[in-house]
Amino acid sequence: MARLHENSSPVSCYREAVQQARQELDKRFTHKARIEKIIMDQAWFVDQLLFTAWHQYEWTDANDISLIAVGGYGRGELHPYSDIDIQILLAKNNKKKYQKDIEQFLTFLWDINLEVGQSVRSIKENQQEAARDITIATTLIESRTLAGNPELLETVMSQIERKKIWKTKQFFEAKKREQFNRHEKHDDVESALEPNLKEAPGGLRDIQNIGWISKRHFGASDFYDLVEREFLEPGEYKDLIRGRNFLWKVRYGLHMICGRREDRLLFEHQRSLAEIFGYQDDKKSLGIEKLMKQYYREVLTLRELNDVLLQLFDEKILRSRERTNIKSINNRFQIRNNWIEVKNSKVFERTPFALIEIFVLLAQNENIEGIRASTIRLIRNSRHLIDNEFRRDLRNISMFMELLRSPHQMVGRLRQMKRYGILPAYLPEFGRIIGQMQYDLFHVYTVDDHTLQVMENMRRFRHPEAENKFPIAAKLFHRLPKIELLYIAGLYHDIAKGRGGDHSLLGKRDAEQFCRRHHLGKWDTALVGWLVVHHLTMSSIAQREDIQDPEVIKRFALSVGDQVRLDYLYVLTVADINGTNPTLWNTWRASLLRNLYLQTKRALSQGLEETVGKTELIRENQQKTIALLEKTGFTKKQIKDIWNNPDNDYFLRETPEDIAWQTEAIAKHTSNIEPLIRIQNKSEIHNEGATQVFIYTQNSHFLFANIVTAFDRLNLNIQDARIYTTDSDYSMTTFMVLETNGKPIGKNPQRQEEINRTLLLFVSADNPLKPKEKQRPSRKHRQFRRNTETTLSNHEHQPYSVLEVLCPDRPGLLARVAGIFVEMEITLHNAKITTLGENVEDVFFISDCDNKPINDPIFVQELQEQIRKQLDAEIAR
């Protein structure tokens, strides 16, 4: 610091000192020095810097002014780019007296590149502002004098003590409310994909909240004071410090790699931090996933401790003088003022089954508000009692099954069991998925949170309001013979993720072991195992295969076998989709699953040997359509002349009702030049279906590409496309589309006119039109760039090949793929478009120029190479 006094240009000297200190601390960080020492040394260095800078100025009446550190800096904690919160404290409200020196001092701090958050207040203003705003009161609680007269701060502290403003109960209630609101802003989950290290549940702010309350009530200077006061147990103290230090390490690393203040653990930073901390990819998981798994586990523990301590504060501060009303439940538990507690501290030691019983009692009595803090602590300290003998004990097995059948907040109780460590102790396989993330934008929850969300979705099907959004699932839920089997399938459907291998098959083994251990019968066990193995089957078939094809339905029905399995699988599938990503469920996906369910149900009820074949179905649909049209005055000859021998698939994939109105529209269309375009909202029941767009026009090799380009310009998402041609080379094309919000277009006349006008322009074009210019991908999408993957398969008895394309989503994708089809003389019959997070999984039903499946291996290879080459070249640009 001597150089600071000697140098004639202090700004450059101070800047150099700041830079050197940062480099030294970063070096120590990368060499894995203790993070507490780094954080406190950073604050110590700034203390020296500010002290020296302060004394560059000759403050008038130095006894009436001081410099104090507040907030996190006041605690003596600083990260590389944290705000350095200071206050210039005056004895009286006479700022003008010091204005020039204050302005020069603050300007100097900014000139030397310190991130300073500052205020200038008198003693009286501090008292007034702190009484009005608890945030200001909180920052002052942690303040300390850096330079100047320390008596000024002592006066402030005496005026804002808890007997004068923000009395203990007020302060606690305000801080508890603050935390509740903050958690709500973060959806009350610890496992967000890009969590905020400070503000998210279980984050640094939760730790600070405990510190503020304990300092306000007890005058505690640090967390160890709570141990000495027997408010915090030594083991809890270690967990708290370990979790805080982990978050400090991650936050320091974030600041270091960003070169600025950053508290959001964004995808792009997760990758860099995983490398810094030495987390490496292996066959089972990515290094990023390992980093985030540790993060989620640490914040889960911190939130658990936060729960315990806040509950203890609540009992000590708010309820200490509350009249006691005790109601006995049994020999082990009682309710004290609506909160359940053990009758004595030896309950779990003497009767370990009570570790599950307490959650069963909560699930059976909705009037119990929660668990008293002392009992939560006993639960945490008794987890070691859950061993293999405990898991085999018939009482515990019966208790857990009783919990799954409980009427009230069953999933909420499982969440509590997870938070307090009972669920992972009783089901070690569940413990392995806690904090297990999947590094993509499709899965928005960790595996454990997703699992419990799926079970929560199942529970929602019980309620009358579910009948509107999930009519079939809500109806089936009440028909399932043993509802607990559905819950077990939900609990185990993703249990083996992160192990490598097929998680469905590995999960089946765990699920069947659970069933046998819990004494379920052979039929029940087989059903649960089958559901776990096939939990993805129904959504995959609905989204990737042609469910209008009787062979597809027959094959699926054969794999299902009976109506009971179909009912269970449908409910599990709907719950799973809605628990994966809130944006994944839309009206079109709902209608696909509904149609697959109903067609499979019909096939099962008729008997699989009686399943109608393609030829019969085509003839049956033609006859039904003719009957409908004859009622409106058409003759058979007129009808067949209008149809003009379209592809047989037209009568296979379209319903008689749709064919009828399309035929009428063609009959009324008098122009031989202008295309026919009709828009119809196809919603068979509430909250299902999509908007159907029917286009009838002269065929051209670039027609499909131009149409999908038009939809791209209109910001309409294509869900399904069907292309048919007639003998006179006219194209009849049916598209199912949704708006970007996942809903049909609706009856907005302006929007329908815009769609008509745009489609008319693009369909009438005499040449291929350029797709919408490539847009810069979002920040999140840039982190998940992947090469295009393609597969082409041929199924027996199907007249087409199935091409699957998995690649990052982008504007104009369909148009580019369609252009490749044109170049290679490939006929497109049908397309299914599925967006999954940052990727699309598009399925194209195609044939060669002779309208036959594509079997030539050289041609297949060339097609796939062209698609990968063109789409990946776009990503690279």
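The values are calculated or read from the model by the stated rules, or taken from the named source; none is laboratory data. This structure is a prediction, so every number in the text was calculated from the model and none was measured. Note that each Cβ is placed from the backbone with ideal geometry, even for glycine, and that neighbours are counted across all protein chains shown. Just so you know, the surface numbers come from the protein's heavy atoms only, side chains and all, with ligands and any DNA or RNA stripped out. Shrake-Rupley method; radii C 1.70, N 1.55, O 1.52, S 1.80 Å.
Worth pointing out:
- Single residue of region 830-859 satisfying the filter (over 31 Å from the mean Cα position of the chain (by Cα) and open to solvent by less than 20 Å² (accessible area, probe 1.4 Å)) that is farthest from Tyr724 (Cα to Cα): Ile854
- Members of region 380-432 found to be under 18 Å from Leu302 (Cα atoms) and not small (Gly, Ala, Ser), listed by number: Arg380, Asn381, Arg383, Arg415, Gln416, Met417, Lys418, Arg419, Tyr420, Ile422, Leu423, Pro424
- Test: residue in region 265-280 that is free of Cβ contacts under 8 Å to residues at least 12 places away in the same chain, farther than 19 Å from Glu36 by Cβ and not aliphatic (A, V, I, L, M): yes
- Boolean, Arg216 is among the charged types (D, E, K, R), without any contact (Cβ under 8 Å) to a residue 40 or more places away in the chain and assigned to a helix (DSSP H, G or I): no
- Any pair with Cβ under 7 angstrom, 6 or more apart, that starts in region 151-177 at a residue that is in contact (Cβ under 8 Å) with a residue 12 or more places away in the chain and ends at one that is open to solvent by 80 Å² or more (accessible area, probe 1.4 Å): Thr168/Arg162; Phe171/Arg162
- The residues listed here are Ile112, Ile86, Ile102; of these, the one that is out of contact with any Gly (no Cβ under 8 Å at 6 or more places or on another chain) and under 23 Å from Tyr252 (Cα atoms) is Ile112.
- Test result for Asp26, modelled with pLDDT of 95 or more, within 35 Å of the chain's Cα centre (by Cα), surrounded by fewer than 19 Cβ atoms within 10 Å (Cβ to Cβ) and in a helix (DSSP H, G or I): yes
- If you go through region 49-65 and keep only what is of a type outside the set (A, V, I, L, M, F, W, C), assigned to a helix (DSSP H, G or I) and more than 49 Å from the chain's Cα centre (by Cα), you end up with Asn63, Asp64.
- Within region 369-385, the set of residues being open to solvent by less than 10 Å² (accessible area, probe 1.4 Å) and either within 18 Å of Met399 (Cβ to Cβ) or without any contact (Cβ under 8 Å) to a residue 24 or more places away in the chain (or both) comprises Ile371, Thr375, Ile379.
- If you go through region 568-592 and keep only what is of a type in the set (A, V, I, L, M, F, W, C) and at pLDDT below 95, you end up with Ile577, Leu584, Trp585, Trp588, Ala590, Leu592.
- Just one of the numbered conditions (1) at pLDDT 95 or above; (2) of a type in the set (Val, Ile, Thr); (3) open to solvent by 10 Å² or more (accessible area, probe 1.4 Å) is not true of Val250: (3).
- Matching residues in region 497-508 - criterion: being free of Cβ contacts under 8 Å to residues at least 40 places away in the same chain and out of contact with any helix residue (DSSP H, G or I) (no Cβ under 8 Å at 6 or more places or on another chain): Gly501, Asp502, His503, Leu506
- Pairs are defined by a Cβ separation below 8 Å, a sequence spacing of at least 6 or placement on different chains, a first member in region 523-537 that is touching a residue at least 12 places away in the same chain (Cβ under 8 Å) and open to solvent by less than 20 Å² (accessible area, probe 1.4 Å), and a second member that is acidic (Asp, Glu) and not in a loop (DSSP other than H, G, I, E, B); the pairs so defined are Thr525/Glu512; Val528/Glu512; Gly529/Glu512; His535/Asp576.
- Cβ pairs under 8 Å, 6+ apart, first in region 741-753 and under 23 Å from Asn581 (Cβ atoms), second open to solvent by 100 Å² or more (accessible area, probe 1.4 Å): Gly742/Thr583
- Residue within region 354-362 that is surrounded by fewer than 17 Cβ atoms within 10 Å (Cβ to Cβ) and either hydrophobic (A, V, I, L, M, F, W, C) or in contact (Cβ under 8 Å) with a residue 12 or more places away in the chain (or both) present: no
- Residue under evaluation Ala815, criteria (1) at pLDDT below 90; (2) aliphatic (A, V, I, L, M); (3) closer than 23 Å to Asn586 by Cα, criterion not met: (3)
- Only helices (runs of 4 or more DSSP H) whose full extent lies in region 431-479 are considered here, and the ones with at least 3 residues that are of a type in the set (A, V, I, L, M, F, W, C) are 447-460, 471-477.
- Being on the phi > 0 side of the Ramachandran plot and in contact (Cβ under 8 Å) with a residue 12 or more places away in the chain is a property that holds for Asp188.
- Selected residue (criterion: farthest from Ala200 (Cα to Cα)) from residues of region 265-283 that are outside any helix (DSSP H, G or I) and either open to solvent by 20 Å² or more (accessible area, probe 1.4 Å) or modelled with pLDDT of 95 or more (or both): Lys283
- Taken over region 787-806, the criterion of being modelled with pLDDT of 75 or more and assigned to a loop (DSSP other than H, G, I, E, B) is satisfied by Asn787, Thr788, His795, Glu796, Gln798, Pro799, Tyr800.
- Only listed residue being open to solvent by less than 50 Å² (accessible area, probe 1.4 Å) and modelled with pLDDT of 95 or more, chosen from Tyr426, Tyr420: Tyr426
- If the condition is being open to solvent by 30 Å² or more (accessible area, probe 1.4 Å) and under 15 Å from Phe711 (Cα atoms), then region 814-829 contributes only Arg816.
- Some residue of region 40-49 being open to solvent by 40 Å² or more (accessible area, probe 1.4 Å), within 29 Å of Gly259 (Cβ to Cβ) and modelled with pLDDT under 95: no
- Selection within region 294-346 - within 37 Å of the chain's Cα centre (by Cα), open to solvent by 70 Å² or more (accessible area, probe 1.4 Å) and within 20 Å of Ala363 (Cβ to Cβ): Asn338
One line per residue, one yes/no per condition, for (1) small (Gly, Ala, Ser); (2) in a helix (DSSP H, G or I); (3) within 21 Å of Asn830 (Cα to Cα); (4) touching a helix residue (DSSP H, G or I) at 6+ places or on another chain (Cβ under 8 Å):
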{"residue": "Phe634", "(1), (2), (3), (4)": "no, no, no, yes"}
{"residue": "Ala660", "(1), (2), (3), (4)": "yes, yes, yes, yes"}
{"residue": "Glu664", "(1), (2), (3), (4)": "no, yes, no, yes"}
{"residue": "Glu674", "(1), (2), (3), (4)": "no, no, no, yes"}
{"residue": "Val693", "(1), (2), (3), (4)": "no, no, yes, yes"}
